[in-house]
Amino acid sequence: MSVSRTPARRASATRAALAGGIALSSVVLLSGTAFAHVSVQPQGEAAKGGYATVNIKVPNERDNASTVKLEVNFPLDHPLASVMPQPVPGWKAEVTKSKLDKPLELHGRKINEAVSKVTWTADGSGIEPGFFQTFPLSLGQLPEDADQLVLKSIQTYSNKEVVRWIEEQKEGAEEPQNPAPVLKLSAASDDHHGGAAPSATATASASTGEKSGHDDKAGDHEEKAAAASSSSDTTARILGVVGILVGVAGVAFGVLAGRRRSA
């Protein structure tokens, strides 16, 4: 009797192991997808008409090359008077400005050009396989007549491969293969998140980078938001690891159960 049932028991154990393996593969794929795209994440809120600090998050998707260059483009149909990168060790940042067809009025003065692109170039090894890097930016003044800003980005690898994150998400459609990072704008608040008009001295110094007024406005939430962003990333990774362990446990349980029955 025991001999005749052995093939069935082995088949049952094999099916259990296969199911566990499928579960494990699904967890691995899903956890990898969550970090696959270049994205933009605000530190706190990015309110219309206000200022914000955001992180451009860049994962390395290749096993045999490092990310050595990142280019982030800003829409000129909703121009930003000030875009300031925070220094990132091992990277050189270059800010490019373009002439505006229609001058932008900010705090009572007209601005004829706006930042159209920020480019980071690695001084060393860049973002190596298995790692990601964040590039902080201080932005302002955010538009009041838009719900989001699409920041089309271009990622370059050390093997000369170029990935263009420029595809815009269409309503009701599946996510494109290379989606562009999108910064969602929240409703304007009374204080515009520090977007009140600066003093005459700060306005006069705007041509040299608007550093004094802008950083004070955006800096209020940086510490809290950075902690929240870090917590979110950590939680996602923990869930991914737990899922993998559950999958492995399922495989082991199926195999052991099959051996005990056959014994």
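Taking the Cα centre of region 33-168 as origin and assigning +1 to Lys and Arg Cβ atoms and -1 to Asp and Glu Cβ atoms, the resulting dipole is close to 380 debye. Pairs exceeding 18 Å between alpha-carbon atoms, taken from LYS69/LYS170; LYS57/LYS92; LYS57/LYS97; LYS48/LYS152; LYS69/LYS99: LYS69/LYS170; LYS57/LYS97; LYS48/LYS152; LYS69/LYS99. Within region 53-84, name every residue whose backbone N is under 19 Å away from a label modeled 7 Å from Cα of GLU45 along the Cβ vector. Backbone N within reach: 53-55. Extension gain, GLU161 to LYS102: 0.36 nm times the residue separation minus the Cα-Cα distance gives 17.6 nm.
Only the coordinates and a few stated rules stand behind these numbers; no lab work does. Note that the structure is a prediction, hence the values are computed from the model and not measured. Positions of Cβ are backbone-derived with ideal geometry, glycine not excepted, and every protein chain shown enters the neighbour counts.
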